[in-house]
Amino acid sequence: MLRILLALLLTSFLSACSGTGSTTPTPQVINGTALQAANTVVQAINGLQNGTGGLQPFTDLFDPTGVRFSPYYRTEASDQILTATAFESDFILQNPPTHNWGTQDGSGDPIVLHIRDYFGRYVWDHPYHSSATVTLINTNSDFQSQGNLINNLLASYPVAQYRIVEYHQPGTNPAYNGMDWTSLMVILKDAGGGNQWTLVGLAHGSWTI
């Protein structure tokens, strides 16, 4: 009888251990085509910025390694890469710390901003969810516009593993001859056969000198 009880206890213990392991959270993937996944990201950003969606619908889309924030249409060693936890912990603070996000085009000054100011300037500077030309990028010629910086996004995120979706807003002020255009590049990592994705990057496009 004692042996039976011990065997039952051991079985229960092993089952509990196995159950604990199986509850390890797995990254949330975005289902659909790359264009559909990018739209999910953009809608989540809009909800975050207008106060209707909150943080989690956006940060749940982050790749486990984090999201790279590029202030221009190229990746640099100075780009900030934030995990979902790091993004949330900074974003909710009343006085969040500043980060150096890179170098300002033209002046060469460091881009030192706290996360909400960076987000408003270099991510959501336009309502891309409702007014933008949306393009799935396959080659460099697919980008709607660019300035004098060399665009290295496709070299950094090759199509075999990643997809870039550009949300482009043409210039609107005649005085600038169209050079006041802006873009948001949503960069996705293939997490399963071309119909499951995670968010790995957000790059900003604007005229550069």
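The values are calculated or read from the model by the stated rules, or taken from the named source; none is laboratory data. Computed from a predicted model, the values in this text were never measured in an experiment. Using ideal geometry, Cβ is built from the backbone for each residue, glycine included, and neighbour counts are taken over all protein chains shown. The protein model used for the area step is the full one, side chains on, heavy atoms only, and it has no ligands, DNA or RNA in it. Shrake-Rupley method; radii C 1.70, N 1.55, O 1.52, S 1.80 Å.
Odds and ends about this structure:
- Rounded to 5, percent antiparallel among DSSP beta bridges of the chain: 90
- FRET efficiency estimate (nearest 0.05) - Cβ-Cβ, GLN43 to THR85, R0 30 angstrom: 0.85
- Ligands, DNA and RNA excluded, the heavy atoms of SER107 present near 70 Å² of accessible surface to a 1.4 Å solvent probe.
- The relative contact order of the range 30-206, computed from alpha carbon pairs under 8 Å that lie at least 6 residues apart in sequence, is 28 percent.
- The modelled label-to-label distance between LEU55 and GLN28, using points 7 Å beyond Cα along the C-beta direction, is 1.4 nm.
- SER183, SER131, ranked by accessible area, largest first (probe 1.4 Å): SER131, SER183
- List ILE150, ILE137, ordered by accessible area with a 1.4 Å probe, largest first: ILE150, ILE137
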